[in-house]
Every structure is written in C-alpha cells, then in structure tokens.
Amino acid sequence: MSQRHLHEVAIGYLLAHQSEHLHHDRQYLIRRCTDHLQQQGISHARATILALQALGEMEARGHCAHIDLGNSTGFAVFVVDPVSRTTFAFTATDLIRLARNHALDVARPTTTH
C-alpha cells in the first residue's frame, strides 16, 4: 500500500471519528487511528507516525502558519506566522518542555465550581 494511500486512510479515519472525542481525548483518537492503520499491515511505529502526520494536516487546515523546513533542523524548529510576519524558533528542549507541560495539563483533573 502506498504512502499516499495510507495517509488518506489516516485522514479519513480521523475525519470520521474526531467528533467522538473531546479535545482532551486527542491521544485516544490517535491510538484508535494507529490501531486502524495497523490493520492495513503496517508496524505500530509507522502507524503512529502516519496518524500524527494526518492530525497535523487536519489541524493546519484553515490556518496559515507553517513550519519552515528549510531553516529547521533536528534541534530547532522554525514556525512562521504569516499574519504577524513573525518567525518563532523552538529548540528541541523547548518542545520537550511544552510537551511535558501539555501532558500534565491533560492529565490534571478538571474541577467544577
């Protein structure tokens, strides 16, 4: 099965099932998409990457911001916001910190008053 076809399968799955998950259940949606892709005969690692790539594409729709692949490296990612004409640079350390903080926020129980 071609890379493009698998990408389309992932996009289709996410589109069909995204409304079943609230924002904080995004990781569960990715796990379900990964499981679905594995049924196509690919490895768990490859299926996870495809699911995350598809999610990234879906979330980018309607937004102009993008990653500047020409300037980004394995240690620094440059994100361009064309509306403000600003480029933001994130080191790998910055991204790890953001990911850990996000994971803590997602795991934190919500309280109602």
### Query
How many of the residues in region 1-28 are surrounded by 12 or more Cβ atoms within 10 Å (Cβ to Cβ) and modelled with pLDDT of 90 or more?
9
### Message
Checking the structure you have, find out if any residue of region 70-86 is over 13 Å from residue 9 (Cα atoms), in a strand (DSSP E or B) and among the acidic types (Asp, Glu).
### Response
yes
### Task
Mind counting the residues in region 57-93 that are closer than 23 Å to residue 30 by Cα and of a type outside the set (A, V, I, L, M)?
6
### Summary
How many residues of region 74-90 are of a type in the set (S, T, N, Q) and under 18 Å from the mean Cα position of the chain (by Cα)? The answer is 0
### Query
How many residues are surrounded by 13 or more Cβ atoms within 10 Å (Cβ to Cβ) and free of Cβ contacts under 8 Å to residues at least 12 places away in the same chain when one looks only at region 47-77?
2
### Message
So, residue 99, is that one surrounded by 10 or more Cβ atoms within 10 Å (Cβ to Cβ), modelled with pLDDT under 95 and not assigned by TED's automatic domain parsing to the domain that holds residue 13 or not?
### Response
yes
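The values are calculated or read from the model by the stated rules, or taken from the named source; none is laboratory data. Only a predicted model underlies this, so the values are computations on that prediction, with no experimental measurement involved. Please note: Cβ atoms are built from the backbone with ideal geometry, for glycine as well, and neighbour counts cover all protein chains shown.
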